[in-house]
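Contents: one structure, followed by commentary.
No lab work stands behind these numbers, since they all come straight from the coordinates. As the structure is a prediction and not an experimental result, all values here were calculated from the model. Cβ placement follows ideal geometry from the backbone for every residue including glycine, while neighbour counts extend to all protein chains displayed.
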Amino acid sequence: MPFEPIITGNVGVPNAWEIDVYESRGGYRALAKALREHQPEELVDLVSKSGLRGRGGAGFPAGRKWSLIPKGAPEVYMVCNADESEPGSFSNHELLDWDPHSLIEGVIIGSYAIRARVAFIYMRGEFWKPTGQRMEAAIAQAYARGYLGRDILGTGYNLDLHLFIGAGAYVCGEETALLESIEGNRPMPRPRPPYFPPSIGLYGKPTAVNNVETLANVPHIVLNGAEWYTRLGNPPRNPGTKVFSLSGLIKRPGNYEAPLGITLRELLFGYGGGMLDGRTFKAVTPGGTSTPLLTAEHLDVRMDYDSLPAVGTYLGSTGLIVMDDTVCIPCAVYHMSKFYQHESCGKCTPCREGTSWINAILYRITHGQGREEDMPLLLDLSDNMGGRKTVCALGDFAGFPVTSSIKYFRQEYEYHIRYGRCPTSCQPAEERQWTISQP
């Protein structure tokens, strides 16, 4: 059964991005309650008790992240990561389009909880029209109504909120690279330790970095309480809902808010309507292309932060790209590899060199020039890139589609190498009109 939406409740409401519409639907009531009825540390405790986990991919508890901000620090920052550049993910974009005030309200409450006086929303440049323009207008409306600026709602709390438009880079989804970008530097991740944002973040000051969806949950928790939130989803470790982005070869692609712990089968065949007529399910990226693939044997796995690692993959951004029996897996993974080669920032040698080698080998395999030693070489390259051998996780991300596809679809790689063509096509590789230049 479809789940009653919580954070997507305003999606589709006419002019929901206007402050009058948002207020008429209960907007900013949570902010008034937070500022007038709670001390900052009480809000940190409230979010901790709710069990809210970061929705950016790693699932780190939001309240715990806020609690790591040193008490009494003279200068603290709140940063919202609205970069969303994971292939297959578009849930944050829709929330920003339709409901910018819910994010603003969450940012203000979160800033108050950590005693920040300045906050940033970091948005990728591709979102500027109309999303960034709507966000900019919503921030101006919030200032005009007294929700931002000095003496917010007469409580004595001051906060300035800035919209920062980045140039567009996948690596900016990593929080320290994002902070580098705001500071005007080339976005490259910082080594941790010592650069943990709660202690050494933006401009060297304590900083909390939270995802759009994480902060959009906060007003609902403030209004309804931690106990209410813990009853949703798959408690105790996976409470709440998640917005799942369904795309690819499925009947009803789109964003669907569902309780954490929903099975993959219910998500794809219930919410998504199942496969296209005459097609059968083959594989899916459960958390965007940066997560190991799932196959038909995993249809009954629960989609949450603990169940997916138990079967060798991750919830990630919940960008589910659905593939059916017409898809050649090696070709699909080749296209994924091009993305990671392009988006590697180049700071770490294993990632910089490894993504190029993986792309070149997959090109060779999918263009009829594969060799018997190519599969062991791909696995070796992926191993050399993964396992925390790089400053950020992009090296791991680039290898996950490769290793999982070889694990579950080795026969398709072998077919390519042996016959020089896709197992899903009878057209010889040499007769195809390839439009992609060789790396």
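Points worth noting:
- Residue ranges 379-386, 98-105 sort as 98-105, 379-386 when ordered by packing (mean number of other C-beta atoms within 10 Å per residue, highest first).
- Neighbour-count order for VAL209, VAL79, VAL391, fewest beta carbons within 10 angstrom listed first: VAL391, VAL209, VAL79
- Cβ-based exposure ranking for GLU175, GLU41, in which fewest neighbours within 10 Å come first: GLU41, GLU175
- Restricting attention to the chain, close to 45% of DSSP beta bridges with both partner residues there are antiparallel.
- Percent antiparallel among DSSP beta bridges (both partners in the stretch 238-324, rounded to 5): 70
- Relative exposure of GLU94, GLU372, judged by other C-beta atoms within 10 Å (fewest first): GLU372, GLU94
- Distance between the C-alpha centres of the stretch 236-286 and the stretch 134-187: 32 Å, rounded to the whole angstrom.
- Computed helical MRE - 222 nm, the chain, DSSP H runs ≥ 4 contributing -39500 (n - 2.57), nearest 500: -11500 deg cm²/dmol
- Cβ crowding within 10 Å averaged over residues, with 287-297, 248-258 ranked highest first: 287-297, 248-258
- DSSP bridge analysis restricted to the stretch 19-230 gives an antiparallel fraction near 10%, rounded to the nearest 5.
- Label-reachable residues, the stretch 195-225, where backbone N falls under 20 Å from a point 7 Å from ARG388's Cα toward its Cβ: 195-200
- In a DSSP loop and with at most 15 other Cβ atoms within 10 Å, the trypsin sites (Lys or Arg not before Pro) in the stretch 1-105 are ARG25, LYS71.
- For the chain, averaging the sequence separation of C-alpha pairs within contact (under 8 Å, six or more residues apart) and dividing by the residue count gives a relative contact order of 15 percent.
- The simple spin-label model puts a point 7 Å past each Cα toward its Cβ; for LEU223 and LYS129 those points are separated by 3.4 nm.
- Sum of side-chain charges, MET336 neighbourhood, beta-carbon under 12 Å (Lys, Arg +1; Asp, Glu -1): -1
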